[in-house]
Amino acid sequence: MFPGEIDVQPSTYLDRLGTIFARFGADTQDSGNVSYGVQTGATRYFVKTAGDPANTEPYLDFDGRVALLRNAVALAESVSPGPACGGRVIWGPLVVYDWRDGELLHLNSGSAHERFRALPVEEILAALDTLYDLHADLDAAGWVEGDFYDGAMLYDFPTRRLTVMDLDTYRRGPHRNDMGRMFGSRRFMAPEQLSLGAPIDTRTTAYVMARTAVVLLSEPPPALCAVLQEATTTRFPSYAAFHRAWLSARAR
Ligand SMILES: Nc1ncnc2c1ncn2[C@@H]1O[C@H](COP(=O)(O)OP(=O)(O)O)[C@@H](O)[C@H]1O
Ligand SMILES: [Mg+2]
């Protein structure tokens, strides 16, 4: 279905292969990436490209964008195909994922954020389970959070399925903050992501995941509230420690 090499524009190729039913370009994305929803027969794909090589407007140039796409493939391949990462093949700068229905939970992208927060607590917790289990796998494989925010989650309200996507800037292994203010949304970021030279590691992942629950849960049950409080003040020593505390509070 998807050969290793193509020598035409992605959109030309995808048009031949099937029907392009969605496009995510400069009108919605500031990444410089251009992605497509493509249907072939009964199957739908989300196809992501690094966009126009001549587009130097974004923070990352084309080579930088291609490097992130390759990083995303490595990330997707390192965890068992879960609800989040469906990376299958890369050819040239082009990555194919399964298409997932859902609405972006980003605060600034319509009403889904508020509708999600208004769901029954158990439904929100079930979605957080998906997010946290995925991060347990990613953390175990050595991946450290980068630029995660509510715009990296799609929620399908009818089926109650959460999809996590766009984890392209996660990095493998602990590292130092080499940017000062790193990529990310302030509501989710850990203090070390604002401080040049600070260590960025599994503890950072724990903080950002805890912040995600704080943002999404309007009234966390008290036991969970205590875990979130600890995660964002005295901190947990690792994502695994945070996740364990969360699961045991959840079972109470
Ligand atoms: N697997 C998917 N299925 C359906 N839509 C997706 C999928 N992954 C991403 N999207 C949609 O495409 C948009 C752009 O994808 P994203 O990975 O965020 O690209 P970018 O690198 O440009 O930020 C997302 O905001 C989301 O709405
Ligand atoms: Mg994005």
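With the checklist (1) under 19 Å from His106 (Cα atoms); (2) free of Cβ contacts under 8 Å to residues at least 24 places away in the same chain in hand, flag the one item Thr12 doesn't pass.
(1)
Which pairs have Cβ atoms under 7 Å, sit 6 or more apart or on different chains, and link a residue in region 117-144 that is under 27 Å from Ala72 (Cβ atoms) to one that is of a type in the set (S, T, N, Q) and outside any helix (DSSP H, G or I)?
Asp137/Ser80
Condition first: away from ligand 2 (no atom under 14 Å from the Cβ) and surrounded by 14 or more Cβ atoms within 10 Å (Cβ to Cβ). Now tell me which residues in region 24-52 satisfy that.
Across region 24-52, the qualifying residues are Tyr36, Gly37, Val38, Gln39, Arg44, Tyr45, Val47, Asp52.
Residue pairs, Cβ under 8 Å, 6 or more apart or interchain, first in region 184-205 and under 19 Å from Ser238 (Cα atoms), second of a type in the set (A, V, I, L, M, F, W, C) and in a helix (DSSP H, G or I). List them.
Short answer, once both residue conditions are applied: Phe188/Val208; Phe188/Val215; Met189/Val208; Ala190/Val208; Thr202/Ala240; Thr205/Leu138.
Give region 31-77 a look and list any residue that's closer than 15 Å to Asp166 by Cα and either aliphatic (A, V, I, L, M) or outside the structural domain of Phe21 (by TED's automatic domain parsing) (or both), or say none.
Result: Val34, Val47, Ala50, Val66, Ala67, Leu68, Leu69, Ala72, Val73, Ala74, Leu75, Ala76.
Checking the structure you have, find out if any residue of region 206-229 is more than 16 Å from ligand 2 (Cβ to nearest atom), within 12 Å of the chain's Cα centre (by Cα) and open to solvent by less than 20 Å² (accessible area, probe 1.4 Å).
yes
Could you please let me know if Val144 is open to solvent by less than 40 Å² (accessible area, probe 1.4 Å) and either closer than 22 Å to Tyr97 by Cα or touching an Asp or Glu at 6+ places or on another chain (Cβ under 6 Å) (or both)?
When the stated conditions are applied, Val144 passes them.
Quick check on region 170-182. Is at least one of its residues open to solvent by 10 Å² or more (accessible area, probe 1.4 Å) and closer than 18 Å to Thr28 by Cβ?
no
Could you please give the count of residues in region 179-211 that are part of a helix (DSSP H, G or I) and in contact with a helix residue (DSSP H, G or I) (Cβ under 7 Å, 6 or more places away or on another chain)?
10
Do you know which residues across region 147-173 are under 17 Å from Arg211 (Cβ atoms) and more than 12 Å from ligand 2 (Cβ to nearest atom)?
Leu162, Tyr170
When region 13-33 is examined, which residues are found to be in contact with a Gly (Cβ under 7 Å, 6 or more places away or on another chain) and within 20 Å of Gly184 (Cα to Cα)?
If the condition is that a residue be in contact with a Gly (Cβ under 7 Å, 6 or more places away or on another chain) and within 20 Å of Gly184 (Cα to Cα), then Gly32, Asn33 are the ones that fit.
Can you pull out the residues in region 231-246 that are open to solvent by 80 Å² or more (accessible area, probe 1.4 Å) and in a helix (DSSP H, G or I)?
Of everything in region 231-246, just one residue is open to solvent by 80 Å² or more (accessible area, probe 1.4 Å) and in a helix (DSSP H, G or I), namely Arg244.
The values are calculated or read from the model by the stated rules, or taken from the named source; none is laboratory data. Keep in mind that what you see is a predicted model, and the values were worked out from it rather than measured. Cβ: placed from backbone, ideal geometry, glycine included. Neighbour counts: every protein chain shown. To get the accessible areas, we keep the full protein, side chains included, count just its heavy atoms, and leave off ligands, DNA and RNA. Shrake-Rupley method; radii C 1.70, N 1.55, O 1.52, S 1.80 Å.
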